[in-house]
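Here's the structure, in structure tokens; my notes come after.
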Amino acid sequence: MEILIPTALLENFHFLRPIWLFALIPALIFVIALWRVNTVVTAWDKAIDKSLLPFLLDRSKNASQRTPLLLLLTAWTLSVVAMAGPVWEQLPQPVQKREDAMVIVLDLSLSMFAPDHQPTRVDLAKRKLRDILALREEGQTALVVYAGDAHTVTPLTDDVVTIESLVPSLSPNIMPLFGSNPVAAIDIAIGLLDDVEATRGRILLMTDGINGFSEEQLLANTIQETDYELLIMGIGTEEGAPIRTSDGSFLTDETGAIVTPTLNRPVLQSLANRTGGRYHDIQLADS
């Protein structure tokens with residue numbers, strides 16, 4: 001009896017979580033290794049006549065030892081396929097996830113150690129970040145951090161619990177390169193939104209300032225080439241505060257002068273206006 005499988009089923013067959021299929025690689029390696037073991041020609045195989053081998057060499061022991069391994073391999077394969085989520089109906093990605101995609105870009109330059117927000121700017125930013133994540137019930141969220149370079153902490157995901165678990169470890173001390181490079185961070189944020197084809201993505205920049213008009217111009221041009229909205233949250237005060245180092249002294253510049261970073265609010269407001277975005281100072285009471 002011939003069994004016909006509708007073409008539509010084959011066309012619509014896909015995996016909801018195909019990344020799990022990478023877990024089959026260890027199983028494949030195991031199968032290859034097991035096959036090689038079974039095909040190895042031993043010294044006895046060469047020395048004994050082939051017609052006598054079944055009587056002189058007991059291979060049943062090897063077979064019995066392989067049985068549990070084969071059962072384990074089968075269970076592993078079935079589990080991986082199940083986790084990958086095979087389905088026969090193509091489900092479109094929820095519109096809400098694509099429309100409410102947000103990439104949070106957090107400044108982790110040394111100026112974020114300034115204590116004009118107690119205990120420091122970065123501590124306040126992390127508290128605010130947790131508040132924002134707690135409100136992200138729908139849509140996808142990503143986190144990018146930057147200092148002298150920029151790095152993706154998490155790509156776009158609806159698993160905000162995982163992002164929240166990483167917040168306590170965020171500090172300027174973990175950044176491999178000192179400095180401030182928001183342009184690199186915004187480029188990464190745009191790439192993350194492009195990857196999921198976000199229809200209305202948002203970028204939330206949490207920072208205490210950018211380096212003058214030239215950097216503002218570069219950031220504005222970068223954002224204006226996209227359809228994404230730029231939200232800017234200013235951290236710090238216009239009075240600023242000196243930064244204490246680990247030995248108790250104050251951070252100084254190359255001339256020996258004490259560094260007192262201040263919030264560059266006018267430049268941040270100008271950037272938001274030029275890109276059609278919004279700016280406001282950080283406040284724990286709002287979202």
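The values are calculated or read from the model by the stated rules, or taken from the named source; none is laboratory data. Computed from a predicted model, the values in this text were never measured in an experiment. Methodologically, a virtual Cβ is constructed for each residue, glycine included, from the backbone with ideal geometry; neighbour enumeration extends over all protein chains shown.
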Residue count, segment 137-158 (criterion: in contact with a strand residue (DSSP E or B) (Cβ under 9 Å, 6 or more places away or on another chain) and either part of a strand (DSSP E or B) or closer than 14 Å to Ser171 by Cα (or both)): 15
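Looking at this structure, is Gly277 more than 25 Å from Ser171 (Cβ to Cβ), of a type in the set (Gly, Ala, Ser) and modelled with pLDDT under 90? Write out each step before concluding.
On the way: more than 25 Å from Ser171 (Cβ to Cβ): yes; of a type in the set (Gly, Ala, Ser): yes; modelled with pLDDT under 90: no.
So Gly277 fails the test.
If you go through segment 153-174 one residue at a time, how many are charged (D, E, K, R) and either within 19 Å of Ile188 (Cα to Cα) or touching a residue at least 12 places away in the same chain (Cβ under 8 Å) (or both)? Explain how you work it out, then say what you get.
So in segment 153-174, the residues charged (D, E, K, R) come out as 158-159, 164.
Those left that are additionally either within 19 Å of Ile188 (Cα to Cα) or touching a residue at least 12 places away in the same chain (Cβ under 8 Å) (or both): 158, 164.
Count: 2.
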